[in-house]
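Q: Sharing a structure, written as structure tokens. Questions coming.
Each value in this text was obtained by applying a stated rule to the coordinates, not by laboratory testing. Bear in mind that the values here come from a model prediction, so they are computed numbers and not experimental data. Backbone-built Cβ (ideal geometry, glycine too); neighbour counts: all protein chains shown.
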Amino acid sequence: MSNDVFNILAPYYDQIMNRVQYDKWKQTLVATQKIMGIGENRPVQHLDIACGTGTLIHRLSKYGWNSVGTDISPAMLYTAKDNYPDSQFLVSDMRFLPFCAHFDIISCLFDSINFLLDEEDIYRSINSMASALRKGGVLYFDCVTEQMVKQYYNNTKWKENYKNFQAIWESAYNEDTKIATLSILIQGKGWSIVRQRLYPIDIYLSAIKEAGLTLLACVDTHTWNYPTPKTVRVDFVCSKEPSDALINRFREFP
């Protein structure tokens, strides 16, 4: 039996997640490129961690980006390669990335970092991402908050119909462990169970600092203002040895 939790989900993922706002992430990344002042003389070297089925990489390819997508799920990357055979994909664990000082921009989005259930792995993964960045490079990642889970995924059950299949969703949240469990039944295929842990923002800020990165932004994803108790998703932007000019430009963004 495969231990890939996305083994059943992968072929259906794009239909299930058709409301995901990839364009918003794309726009933020392209704006980041412009702020950094790169990409005019050579392609942007980009790493998308937990890239899933490759949708974000595909959208960025239209801007001439040279992207590599990594994911711990072989099933998701099989779908990604089938979707976008000309793109580069690699099975890799975000805690132990096989790169050193190579990328201008690294993204890790759609709360992928919340899949790390051990607090020490937050530190390992951000340190690994920092190692993969070039000097002056930028890391952009996000996380979901406890408010998100309590508001939308707190012991709820619902059914959704898609073009060729039906899915049943069940969610549960343990306030003691801060672990949210989402079970998804693809009719006729079986259950997939994924777990995420909710961490205080301070844990991410501490990991960023320990990795030697400079924080450029920690904001509510939807407003790009400071997070509040109502914030459901947080964006982090940080850089490896940024210039003063880059720091100042980010203070004026968006």
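Q: Would you please give the residues with an amide H less than 5 Å from that of Ser87, counting only those at least 5 places away or on a separate chain, with H modeled from the backbone geometry?
A: none
Q: Given a Förster distance of 30 Å, report the FRET efficiency between Phe96 and Tyr63 from their Cβ-Cβ distance, rounded to the nearest 0.05. Could the numbers behind the result be given before it?
A: On the way: r = 29 Å, r/R0 = 0.97.
The value I calculate is 0.55.
Q: Full extension from Asp14 to Gln187: what is 0.36 nm times the residue separation minus their Cα-Cα distance, to one decimal in nm? Write down the numbers at each step before the final one.
A: Working: separation 173, 0.36 × 173 = 62.28 nm, distance 1.62 nm.
Full-extension gain reported as 60.7 nm.
Q: With no solvent and one point per C-alpha, what does the Debye sum give as log10 I(q)/I(0) for the chain at q = 0.09, 0.12, 0.13 Å⁻¹?
A: Here the Debye-derived log intensity ratios amount to -0.39, -0.71, -0.84.
Q: Grab the Cα-Cα distance for Ser131 and Asn164, subtract it from 0.36 nm times how many residues apart they are, and report the gain in nm with one decimal. Spell out each step's value before the answer.
A: Details: separation 33, 0.36 × 33 = 11.88 nm, distance 4.31 nm.
Taking 0.36 nm per residue and subtracting the Cα distance, the gain is 7.6 nm.
Q: Taking a label point 7 Å from the Cα of Lys150 along the Cα→Cβ vector, which residues of the stretch 163-177 have an amide N closer than 20 Å to it?
A: 171-177, by backbone N distance to the label point.
Q: What does the extension gain come out to for Cys218 and Ala31, with contour length at 0.36 nm per residue minus their alpha carbon separation? Walk me through the numbers before you get to the answer.
A: Values: separation 187, 0.36 × 187 = 67.32 nm, distance 1.63 nm.
Result: 65.7 nm gained on full extension.
Q: Something else: Calculate for the chain the 222 nm mean residue ellipticity that helices alone would give, adding -39,500 (n - 2.57) per DSSP H run of length 4 or more and normalising by residue count, nearest 500 deg cm²/dmol.
A: Values: 8 runs with 75 residues, N = 254.
After summing the helix terms and dividing by the residues of the chain, the value is -8500 deg cm²/dmol.
Q: Still on this structure: If you look at just the Cα atoms of the stretch 149-193, how large are its Rg and its Dmax in Å?
A: Radius of gyration, then largest Cα-Cα span, for the stretch 149-193: 11.8, 38 Å.
Q: Rank Leu60, Tyr140, Phe96 by how far each Cα sits towards the positive end of the charge dipole of the chain (+1 on Lys, Arg Cβ; -1 on Asp, Glu Cβ) and give me just the farthest.
A: In the chain, that residue is Leu60.
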